[in-house]
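The values are calculated or read from the model by the stated rules, or taken from the named source; none is laboratory data. It should be emphasised that the depicted structure is a prediction, and the values quoted were computed from it without experimental measurement. Here the Cβ positions follow ideal geometry from the backbone for every residue, glycine too, while neighbour counts run over all protein chains shown. Please note that ligands, DNA and RNA were not included when accessible areas were found on the heavy atoms of the full protein model with its side chains. Shrake-Rupley method; radii C 1.70, N 1.55, O 1.52, S 1.80 Å.
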Amino acid sequence: RLADYRRVRDAHGGTVNDVILATVTGGLRGWLLTRGEQIRPTTRVRALVPMSVLDAEAEPTSLGSQVVGHLLSLPVGESSPVMRLHQVSYALKAHKETGRAVAASQLAALPGFAPTTFHALAARVAEAEAPHGYEFGVTNVPGPQEPLYVAGARMIETYPALPLSPGHAVALGVTSYDGGVYFGLVADRDAVPDADVLGQCLREALEELVETTSDSWTRAPRGRSRPARREP
């Protein structure tokens, strides 16, 4: 639920987008561990994250903003879910401070905005990127928070399906809708036969973050405590 991401944001700071990308980071970490991959504390996955900006030279959306590809190093080697979130937030801080970034609330409020439009433009941005420039593509687009209907039938869920870029075996699209957050995984079935495991790892990564907001969660010490001074 979208409320889970907001709960983590309120507890640890950042944005909902930061929490979603931290969830993706934790999910990738868990998935790589199930595959027996060697993960060091410094291990990172280079992700291409298309973002909406105000830039005349970028891919236009016809809605007053543009789409550019932002390269982000996801800290999959970090074992602490809160530290992963802080590292993701810090990595995106420079982008937010440029003054060109368009907030998710602003993007969703644009008249005529459709998440599918942004996902399509993001796919074009990813395809234009050098294949070896990144390892994983993820697109997060805010959607309407009220139910939609087609011929009287209510739309219950929505899952974006991004095409695989050349040289890549997995693509992830994320869309929020009517109080939920939906992850759409597209994978090469020969190269990634365990895509369902990645889906489960994403769910567990969110649960791990939500758990850190409870009163029973034990926070890691920030440093060594100074030994008590002994009086003579």
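Computed from the C-beta positions of Ala153 and Arg1 and an R0 of 22 Å, the FRET efficiency is 0.50 to the nearest 0.05. Extension gain, Ser214-Arg44: 0.36 nm per intervening residue step, less the Cα-Cα distance, totals 58.4 nm.
Going 7 Å from the Cα of Lys93 along its beta-carbon direction, which residues of region 8-47 have the amide nitrogen within less than 13 Å of the resulting point? Flagged as within label range: 13-15. Identify the residues of region 192-211 with backbone N under 17 Å of a label point that sits 7 angstrom from the Cα of Leu33 along the Cα-to-Cβ direction, or state none. Once the point is set 7 Å along Cα→Cβ of Leu33, 197-211 turn out to lie under 17 Å by backbone N, inside region 192-211.
Taking Phe136, Phe183 and ordering them by how much accessible surface each has at a 1.4 Å probe, largest first, produces Phe183, Phe136. The accessible area of Arg6, taken with all protein chains in place and a 1.4 Å probe, comes to roughly 110 Å².
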